[in-house]
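Novice: Sharing a structure with you now.
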Amino acid sequence: MASRPIVRDDDSRTRISPRMFARLAEFVEGHAGIKLPASKQALVEGRLLRLLRSSSMDSIDAYCEHVLSARASAGQRRDLINALTTNKTDFFREPAHFEYLASRILPEIVHDGSGRMRCWSAAASTGMEAYTLAMVIADYARRAGPLDFEILATDIDTNVLKEARRGVYPLASLEPVPTQLRSRYVQRARDLRRLEGRIVPELRNRIAFGRLNLMEPRYPVGDPMDLILCRNVLIYFEKHVQAKVVARLCDNLKPGGHLMLGHSESITGLDLPLKSVANTVFRRL
Ligand SMILES: C[S@@+](CC[C@H](N)C(=O)[O-])C[C@H]1O[C@@H](n2cnc3c(N)ncnc32)[C@H](O)[C@@H]1O
């Protein structure tokens, strides 16, 4: 059996040197926009230690030296970025957005618009945001349609996208879903000892998941959107990067289309073709 160097838990192997941390931070910010201030050093070391254990390197510095070099494969760089993203999400997170969708946006699209809707969850994580959107829209369509819809859900992290495509979640994480929507749109496993539920095919089929890095100069997402959710990701970016990302999102929004940001995110002071219509909800001019 091939022997693997033993990762000893002494500081020189499991800690990152200040010089390497600075190189890593520069790479991650340049590639994914994500800031890594010195206060995140312990968190970064914890995440890199997991990657180190499945590599043939014997220290975090050696691992970073390799992954940041020209010899690294695209897959190794992707694993590094995947490890450094923060993916916290929930069903019905920041519920006021979904109330606004059901009470203001959907009636307008059904009664005054085309009855067709394209939405984009632009930092989708494990898919809970996109499935929440799908439940709210499908439920509205059932009661007050006709309304045809499709959802694009993208993220830079390929690991979370795999989970999102499966659409299987622990029952505890499904608790924020209102009971009536849960019984309609979530299936329990046949084996009831498995404490998980799967989103029904009717909704899974409405969503296309794919990798998209918001740092890209253009977003190849097809026709303009009626609604874009870009929530709880801008906080990881510098202000000038936030401005560019939101400007590119606007390029992909129909006139009159809506953009929702996270409740702690702000575009105050940025020159953008948006007007504020509710807390962190904006409308394309
Ligand atoms: C905290 S989660 C937010 C998930 C969801 N929008 C919500 O509010 O519940 C942030 C997500 O942004 C993704 N992300 C970070 N940088 C990104 C980038 N440059 N391009 C696309 N996604 C990115 C992360 O992988 C992570 O899944």
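Novice: Which residues, taken from segment 142-151, are within 18 Å of PRO201 (Cβ to Cβ), in contact (Cβ under 8 Å) with a residue 12 or more places away in the chain and either part of a helix (DSSP H, G or I) or of a type in the set (A, V, I, L, M, F, W, C) (or both)? Steps first, please.
Specialist: First, the residues of segment 142-151 that are within 18 Å of PRO201 (Cβ to Cβ): 142, 148-151.
Now narrow it down to the ones that are in contact (Cβ under 8 Å) with a residue 12 or more places away in the chain: 148-151.
Selection gives PHE149, ILE151.
Novice: Has segment 145-163 got at least one residue that is surrounded by 22 or more Cβ atoms within 10 Å (Cβ to Cβ), under 21 Å from THR86 (Cβ atoms) and among the small types (Gly, Ala, Ser)?
Specialist: The answer is yes, given that some residue of segment 145-163 is surrounded by 22 or more Cβ atoms within 10 Å (Cβ to Cβ), under 21 Å from THR86 (Cβ atoms) and among the small types (Gly, Ala, Ser).
Novice: What is the one condition in (1) more than 14 Å from the ligand (Cβ to nearest atom); (2) surrounded by fewer than 18 Cβ atoms within 10 Å (Cβ to Cβ) that PRO95 does not satisfy?
Specialist: Answer for PRO95: the failing condition is (1).
Novice: When you look at SER12, is it away from the ligand (no atom under 16 Å from the Cβ), at pLDDT below 95, part of a helix (DSSP H, G or I) and surrounded by fewer than 16 Cβ atoms within 10 Å (Cβ to Cβ), yes or no? Show your work before the answer.
Specialist: Values: away from the ligand (no atom under 16 Å from the Cβ): yes; at pLDDT below 95: yes; part of a helix (DSSP H, G or I): yes; surrounded by fewer than 16 Cβ atoms within 10 Å (Cβ to Cβ): yes.
Spelling it out, SER12 is indeed away from the ligand (no atom under 16 Å from the Cβ), at pLDDT below 95, part of a helix (DSSP H, G or I) and surrounded by fewer than 16 Cβ atoms within 10 Å (Cβ to Cβ).
Novice: I'd like the full set of residues that are among the aromatic types (Phe, Trp, Tyr) and either within 7 Å of the ligand (Cβ to nearest atom) or not assigned by TED's automatic domain parsing to the domain that holds SER125 (or both), limited to segment 208-237.
Specialist: Filtering segment 208-237 down to residues among the aromatic types (Phe, Trp, Tyr) leaves 209, 219, 236-237.
If the condition is that a residue be among the aromatic types (Phe, Trp, Tyr) and either within 7 Å of the ligand (Cβ to nearest atom) or not assigned by TED's automatic domain parsing to the domain that holds SER125 (or both), then TYR236 is the only one that fits.
Novice: Can you tell me how many residues in segment 120-136 are part of a helix (DSSP H, G or I) and in contact (Cβ under 8 Å) with a residue 60 or more places away in the chain? Break it down stepwise before answering.
Specialist: Kept after step one, since they are part of a helix (DSSP H, G or I), are these residues of segment 120-136: 128-136.
From the residues that got through so far, the ones that are in contact (Cβ under 8 Å) with a residue 60 or more places away in the chain too are 129-131, 133-135.
Residues in segment 120-136 being part of a helix (DSSP H, G or I) and in contact (Cβ under 8 Å) with a residue 60 or more places away in the chain: 6 in total.
Novice: Counting residues that are out of contact with any helix residue (DSSP H, G or I) (no Cβ under 7 Å at 6 or more places or on another chain) and crowded, with 19+ Cβ neighbours inside 10 Å, which strands (runs of 3 or more DSSP E) fully inside segment 200-285 reach at least 1?
Specialist: On the way: elements: 207-211, 225-230, 253-261, 274-278, 281-284.
The strands (runs of 3 or more DSSP E) meeting that bar are 225-230, 253-261, 281-284.
The rows are residues; the columns are (1) closer than 29 Å to ALA25 by Cβ; (2) touching a residue at least 60 places away in the same chain (Cβ under 8 Å); (3) not aromatic (Phe, Trp, Tyr).
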position	(1), (2), (3)
LEU171	no, no, yes
LEU181	no, no, yes
LEU195	no, no, yes
GLU202	no, yes, yes
ASN205	no, no, yes
ARG211	yes, no, yes
PRO217	yes, no, yes
GLY222	no, yes, yes
VAL233	yes, yes, yes
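The values are calculated or read from the model by the stated rules, or taken from the named source; none is laboratory data. Everything quoted here is computed from the prediction, not taken from an experiment. Quick reminder, even Gly has a Cβ in these numbers, built from the backbone with ideal geometry, and neighbours come from all protein chains shown.
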